[in-house]
Every structure is written in structure tokens, then in C-alpha cells.
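Each remark here refers to the structure printed beneath this line.
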Amino acid sequence: MRYPILTTMDASAYLASKRAGNPLDLDRLVKNRGDGEELDQAFINVLVADLANLRAKYPANGMKSQKNANRFEGDAARIIHEHIQLPPEIVADADFWLWLAIVHFSDMVEWRYGNPEHGTGLANYGVGARSENLIYRLWLRADLLLDDEADDRYHLCQRGQIDFYRSHLFRQGYANARSFARALIRFQYPNSDTTAPHLKVDQIRELVKRLRRLRANLFLEILDETECRKIIEDEAGRMPA
């Protein structure tokens, strides 16, 4: 399948020129990758509209409240994943997500990070840090925690705080196992207040270090969620008070 991309170099050049008030011709920078039929982009208009409706529930001048940011990202992750159901080679391509963020969601990226005067950090578009691309990061949040046994398969991505996802799921090798990721999010955020953590910051950091060491000797991908939860609770029980 042929799909649009934007390279890191071209993305950086475009954002710099746009912020200098003389934007490059974006159409000339966008390239295609892959073979065969063109990607059907009809999903993008629906996604843009649904995210705009979600944004309307929050301050128009940018998102500066961490509480609002946590709520928004949980809701946005669900919407993004529902609409972006694409072949593995596309969702694994960082240049596709660069194209999507810059061409279609630049306003939302800037708004999400408070509309800073000189523009948000380029990493928030995925320049230099693929996993920080806002659209990709939210898609991954939902994809990692899909619960196909629940009536609402997206219910778990409403839980948790933003830093927990960045530090303790996305950057850890054990997060490749969905059962383990689901068990960890349920363990750390068990309350009706879905952003209220079970362990304090220092405690969850210590627990994650222990779990990362275990990863070398455990093939988590073959364990079900109940077995993963037992491992997490056993390690938490061994931690100093």
C-alpha cells in the first residue's frame, strides 16, 4: 500500500520555516512510501472532526492543567485508535505519524502543549523522539491496553497519568506484552478516580526497576493477565516499607 510520509529532515525544515513566518510548500515535502493502491484517507476527516468536538470541551487557549491533560489524553487515545486501523507497516513507520501530526493535527499539537509563543517542542511532533509524537503516543496508549474481553475494549486507556505511560509502559521492554501492561495499569490505578495511583512516585519507580530485572528471566508474552498480576503483587510485597 502506498501512503504519505514526511521525513524528519523535511518536518524540521517545515516547522522552522512556518515559525519564521515563511512556511515552505508542504505539498512539495510530502512523499509516498510503499507500493500498490493508495491509502484511503477518508478516516482522517472523521478523526479531525471527532477530536475537534473533544477539544471543544476544554479551554480554547491551550491545555495548561495537568488534570485536564490527563482526561483529554485518555479520551483522545480512544478516538484516535478507533479511527486509525491500518496495516502494521504503516503504523510502524515514524514518518507516517510525522506526516499525520504536521499536516492534519498541527493546531491540536500546539494547543495540547499550551500554545507556547514560539511553538511547542519538535519532539511533540515526533522529530527526534518518535514515541513523543502526540498522535502516535495516544494511539499506542490505546493499542497497548486493548481489553477485548470487556464490553468497552478501551476502558483501560482512560486510567493512569501521562508520565506513567511515558516512563513505565512505553519505555519498558515488558510493556510489549499486553497482558502485563493491562495488569500493571489495573494495579497502579485501581480506584474509581482513574488518575489516583496506588503507589507513590518513588515506590512505583522501585517496583518498575524490579519488574525490569525480572523481564530477563520471564517470557511475559505467554502469561495471562492473572499470572502477570501475581508477579506484580509479589514484587510489590518484597519492596521495603
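The values are calculated or read from the model by the stated rules, or taken from the named source; none is laboratory data. Being a predicted model, the structure only gives us computed values, none of them experimental. Positions of Cβ are generated from backbone atoms using ideal geometry, with glycine treated the same way; all protein chains shown enter the neighbour counts. Accessible surface is based on the protein model in full, side chains and every heavy atom, while ligands, DNA and RNA are left aside. Shrake-Rupley method; radii C 1.70, N 1.55, O 1.52, S 1.80 Å.
Please specify each residue of the range 139-178 satisfying the condition of being free of Cβ contacts under 8 Å to residues at least 24 places away in the same chain and either small (Gly, Ala, Ser) or open to solvent by less than 30 Å² (accessible area, probe 1.4 Å) (or both).
If the condition is that a residue be free of Cβ contacts under 8 Å to residues at least 24 places away in the same chain and either small (Gly, Ala, Ser) or open to solvent by less than 30 Å² (accessible area, probe 1.4 Å) (or both), then ALA150 is the only one that fits.
When you go through (1) on the phi > 0 side of the Ramachandran plot; (2) at pLDDT below 95 one by one for LYS67, which number turns out not to apply?
LYS67 satisfies every listed condition except (1).
Assigned to a helix (DSSP H, G or I) and either crowded, with 16+ Cβ neighbours inside 10 Å or at pLDDT 95 or above (or both): is that true of LEU207 in this structure?
Values: assigned to a helix (DSSP H, G or I): yes; either crowded, with 16+ Cβ neighbours inside 10 Å or at pLDDT 95 or above (or both): yes.
Spelling it out, LEU207 is indeed assigned to a helix (DSSP H, G or I) and either crowded, with 16+ Cβ neighbours inside 10 Å or at pLDDT 95 or above (or both).
Please count how many residues of the range 1-51 are assigned to a loop (DSSP other than H, G, I, E, B), among the aliphatic types (A, V, I, L, M), under 16 Å from LEU86 (Cα atoms) and in contact with a strand residue (DSSP E or B) (Cβ under 7 Å, 6 or more places away or on another chain).
Applying the first criterion (assigned to a loop (DSSP other than H, G, I, E, B)) to the range 1-51 yields 1, 6-7, 20-25, 30, 34-37, 39-41.
If we keep only those that are among the aliphatic types (A, V, I, L, M) as well, we get 1, 6, 20, 24, 30, 39.
Filter once more, so that each one left must be under 16 Å from LEU86 (Cα atoms): 1, 39.
From what is left, the residues that are in contact with a strand residue (DSSP E or B) (Cβ under 7 Å, 6 or more places away or on another chain) are 39.
Going through the range 1-51 one residue at a time, the tally reaches 1.
Residues being open to solvent by 80 Å² or more (accessible area, probe 1.4 Å), modelled with pLDDT of 95 or more and of a type in the set (Gly, Ala, Ser): count how many of those fall in the range 224-241. Let's see the steps before the verdict.
Going residue by residue through the range 224-241, those that are open to solvent by 80 Å² or more (accessible area, probe 1.4 Å) are 226-227, 230, 233, 238, 240-241.
Narrowing the set further to residues that are modelled with pLDDT of 95 or more leaves 226-227, 230, 233.
When the remaining residues are screened for being of a type in the set (Gly, Ala, Ser), the result is none.
Total satisfying the criteria: 0.
Being open to solvent by 30 Å² or more (accessible area, probe 1.4 Å) and part of a helix (DSSP H, G or I): is that true of VAL103 here? Can you show your working first?
Details: open to solvent by 30 Å² or more (accessible area, probe 1.4 Å): yes; part of a helix (DSSP H, G or I): yes.
The answer is yes for VAL103.
For the range 106-138, what are the residues that are basic (Lys, Arg) and open to solvent by 30 Å² or more (accessible area, probe 1.4 Å)? Outline the logic, then answer.
As a first pass, look at the range 106-138 and keep what is basic (Lys, Arg): 112, 130, 137.
Once the filter is applied, which keeps residues that are basic (Lys, Arg) and open to solvent by 30 Å² or more (accessible area, probe 1.4 Å), the range 106-138 yields only ARG130.
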